[in-house]
Amino acid sequence: SDAAVGFIGLGNMGRPMVTLLANAGMNVVVFDASESVRQAAASDGLTVATGTAEIAATCETVILMLPSSDIVDSVVKTLCDEPGRLVSLIIDMSSSIPDRTVSLAKRCAGFGVAVVDAPVSGGVARAKTGDLTLMVGGAAADVERAHAFLPLLGSRIIHVGEVGAGHAVKALNNLLSATHLLATNEAVLAARKFGVQPSVFLDVVNTSSGRSGSSELKLPNYVLPGTFNSGFSASLLEKDVRIAVDLEHALEMEAPISEAVAARWKDLNSRLEAGADHTAIIRPMEQDLGL
Ligand code: NAD
């Protein structure tokens, strides 16, 4: 339909995603809590709402790209509380807590609002090109509705289960991502101390069995050049690892590897400045080695 689509959360990821929707001819109405972010969006020609209530009243579908489940819950409450609401589908593309998403969907159903979770992987680079991987949770009919928007944002769209399943898969994916990054950093630092250049080490690993997204992309693009500008913060990844470990505990699993990664990530991140990129996690590791 020609009805507007709402988009809330115009951060590192949300902003390029909105551009893709607008470039596809969608009538997008956006909102962000930050005034400077709203001003930048308006000067780029986007339609900026006065608040989330206006989005609830003018948009059938609302997409969220927000930092945490706490913020998602509070924003969704304002959407459902709007007496003149038009919204009937909320797509939460944030990396949220799966159990919280299940409860959120139940509350929203009481307002006649369906919830689909469709968190993303691929980072800012792939958000810009619409080449994200989307892991989708929800009832088939709701997921079908979400398909009016999702193919504009992602090139791999995988329906992984009921509502909340997308968020579970996302947290577990990022647990692996953090594990690979810490393990690859340790191995690179060991190689370096032994006298092997990091780039030489990665040449071997990337055509061998030790390769991963960290060895193939993160170290070459952001860690070794020292740019640390992937656009994904160390604190957001810490949140994701926490979600994954809590999920494993809730499933009554022993998870020693995940727990070690969570503890190590938290400790190293506490030594970075607020807002630091996740690829900068190698810096305190280097400090400890006097490198
Ligand atoms: P970000 O911090 O850059 O952006 C979040 C935006 O939400 C900010 O502009 C902030 O002002 C806004 N916001 C906060 N509270 C709000 C509220 N109450 N109402 C309206 N707006 C509010 O974060 P990001 O990197 O864009 O990540 C967004 C989500 O996507 C997170 O859940 C993150 O874990 C996930 N994610 C990020 C990446 C990445 O590479 N950056 C990749 C995949 C998934």
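The values are calculated or read from the model by the stated rules, or taken from the named source; none is laboratory data. Just so it is clear, the structure is predicted and the values come from calculations on it, not from any experiment. Counting neighbours? That spans all protein chains shown, and the Cβs are built from the backbone with ideal geometry, glycine included.
Some notes on this structure:
- Of all residues in the range 234-287 being under 20 Å from E186 (Cα atoms) and touching a His at 6+ places or on another chain (Cβ under 8 Å), the one that is surrounded by the fewest Cβ atoms within 10 Å (Cβ to Cβ): L237
- Consider the range 55-98 and keep the residues that are away from the ligand (no atom under 14 Å from the Cβ) and surrounded by 24 or more Cβ atoms within 10 Å (Cβ to Cβ). The one that is nearest to R242 (Cα to Cα) is V87.
- Residues in the range 198-218 include none that are in contact (Cβ under 8 Å) with a residue 40 or more places away in the chain and among the aromatic types (F, W, Y).
- Subset of the range 139-167 that is within 14 Å of the ligand (Cβ to nearest atom) and part of a helix (DSSP H, G or I) - its residue that is farthest from E238 (Cα to Cα): L153
- Taken as a whole, the condition of being within 16 Å of the ligand (Cβ to nearest atom), of a type outside the set (K, R) and assigned to a loop (DSSP other than H, G, I, E, B) does not apply to V116.
- Whenever a residue of the range 251-268 is in the same structural domain as A234 (by TED's automatic domain parsing) and within 18 Å of H180 (Cβ to Cβ), it has no partner that is of a type in the set (F, W, Y) and surrounded by fewer than 11 Cβ atoms within 10 Å (Cβ to Cβ) lying with C-beta atoms less than 8 angstrom away and at least six residues away or across chains.
- Across the range 20-35, the number of residues qualifying as free of Cβ contacts under 8 Å to residues at least 60 places away in the same chain and more than 9 Å from the ligand (Cβ to nearest atom) comes to 8.
- When restricted to residues that are of a type in the set (A, V, I, L, M) and over 12 Å from the mean Cα position of the chain (by Cα), the range 95-151 contains 17.
- Annotation: of all residues in the range 36-54 being among the hydrophobic types (A, V, I, L, M, F, W, C) and more than 13 Å from the ligand (Cβ to nearest atom), the one that is surrounded by the most Cβ atoms within 10 Å (Cβ to Cβ) is L46.
- Residue selected from the range 157-192 under the condition among the polar types (S, T, N, Q) and under 26 Å from G138 (Cβ atoms), by the criterion surrounded by the fewest Cβ atoms within 10 Å (Cβ to Cβ): N173
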